[in-house]
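Working notes, beginning with the structure itself.
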Amino acid sequence: MKLETKVGAFFIAAILVIGWLIIRTEKLEFFNRTPKRTFAVSFNQAAGLPKQSKVRIAGVEVGKVLDIRLINGKAIVSFTVDENVPVHVDAIASLANIGILGEKYIDLNPGNPERGLAAPGTQLISQTGVGLDAIMDTIGAIAADLKGITYALNASIGGDTGRMKIDEIVDNIQLLTAEFRALAQENHGAINRTMANIEGISSDFREHLPVLAKQFEELGANFNALINESRPEITGLASDARKLAQGFQDTSENLRDIMARLNRGEGTIGKLLTDETTITKLNEAVDSVNEMLSGIKSMDLRLDMEAARWTSRGDARVGLGIELAPRKDYWYSINLASSPDGKLRDETQNITVTDPNTGQSVLTPVTVRTIKTEQTFTASAQFNKRLWENLVVHAGIIDGKGGGGVEFRTFKDRFRLGALAYDFAKREDKENPRYRATASYEFWNGLYAQAGIQDAANKGTRSFFFGGGIRWKDDDIKKLVGLAGMAN
């Protein structure tokens, strides 16, 4: 049997085995995937809320945003909720932020259990939350009120009109003293009787004055002794009181100066209170930051660690792949691998031959061409594009050489059948480009098995391989990539 026939038979057998594994595995429940229900909600505006944003109940993630559409000037948001989370008929959805500049998400109030569960596809009640724009509008209203107060005071006591009002107050005081004088003249007799009573009281007081004087003298002595004992504390207290009064005076002057500068629109806060352009720019900056953070949040970072045994070379290939996916329909991939690769080597060997003329044995150098395998480190960087649900094409650098390929995917990307073509230069160690065909199937929680053929068009370096690996997502590395992008 020819080698090409063996190659084809082995490849077909490998595909049949993998297909059998797929059919058998599909009948088993290896994956504990939580069913989802879809709901919708209408908002007047959904700025800063991207697809894949989280849906939370009491701060706990229970779903994600699927789609955002504009219908009749309203933002219609479709989102999923886990099957095990009850959503009732009177459930309320609102937009919320984590902090001032944090990500925007949908805050879901599940409603009253007595009202019954809402059917999937129901449009829930929306509620407008308190956002940064409303806070800035409130601050602007407060600034306008302060302007009005200062303007009213200036209009009340400033200029000629204010001086006229002060003159009027002085005239009223003079009139009041004249009325008091007239009142005293009318009640002269009553005042005399009051004075007589006061004289009687003073006479009694004169009799008791010596006793009171002695008591006051004793009290004064005691008070002086107390003051002498507490003089250091009183001195320090008086000094602190003077410093405190001076501090209050300085603070009052500073506040007066700050309020004057705010009214004139000076400084950053003054511009925020008086300049509408600054407020608009601040809102735009906040929206931009929210949009950037939401883009980083929705980006996927996938890792793939694989190992395969190359049968004809007695060696193994070990690789680590990283996929950075801004969107579901395209992504960038980088792969670093340690791989055996066949290469031609010319070696000179001395062999013993018998000279036909003399009959004696002599050493004769002979050049022998052999193919040796060497463990080499390779790097790949490719751009991947999903054309349809089951077809992915990619191109770039493959094992340090230019190339590309196509891949058929099904069963939610768990089964993959692909082919690569690269290294198109013709050399002594290979006559044709390198072709690699690979079939893999993910059978449990990211673990997958793979088999295929390498260098299918080069007889000297052709090799079958089989092995496996694991694929997973890493949110921590994705955060580091996002921080690096923000730093730039």
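Read-outs throughout are calculated quantities, based only on the coordinates presented, and are distinct from any laboratory measurement. Just so it is clear, the structure is predicted and the values come from calculations on it, not from any experiment. Cβ coordinates were reconstructed from backbone atoms using ideal geometry, including for glycine residues, and neighbour counts include every protein chain displayed.
If the chain linking Gln52 and Ile98 were pulled fully straight, counting 0.36 nm for each residue of separation and taking away their Cα-Cα distance, it would gain 15.0 nm.
Of the peptides 398-406, 184-192, 449-457, the order by per-residue mean of other Cβ atoms within 10 Å, starting with the highest, comes out as 449-457, 398-406, 184-192. When Phe383, Phe465 are sorted by how many other C-beta atoms sit within 10 angstrom of their C-beta, beginning with the fewest, the order is Phe383, Phe465. Pairs exceeding 18 Å between alpha-carbon atoms, taken from Lys104/Lys385; Lys401/Lys426; Lys36/Lys473; Lys2/Lys459; Lys51/Lys385: Lys104/Lys385; Lys36/Lys473; Lys51/Lys385.
Using only alpha-carbon positions in region 36-129, the gyration tensor eigenvalues give semi-axes of 19, 15, 12 Å once each is multiplied by 5 and square-rooted (largest first). The Cα-based radius of gyration of region 137-272, divided by its Kirkwood radius, gives an Rg/Rh of 1.25. Here the relative contact order of region 31-130, from alpha carbon pairs under 8 Å that lie six or more residues apart, stands at 33 percent.
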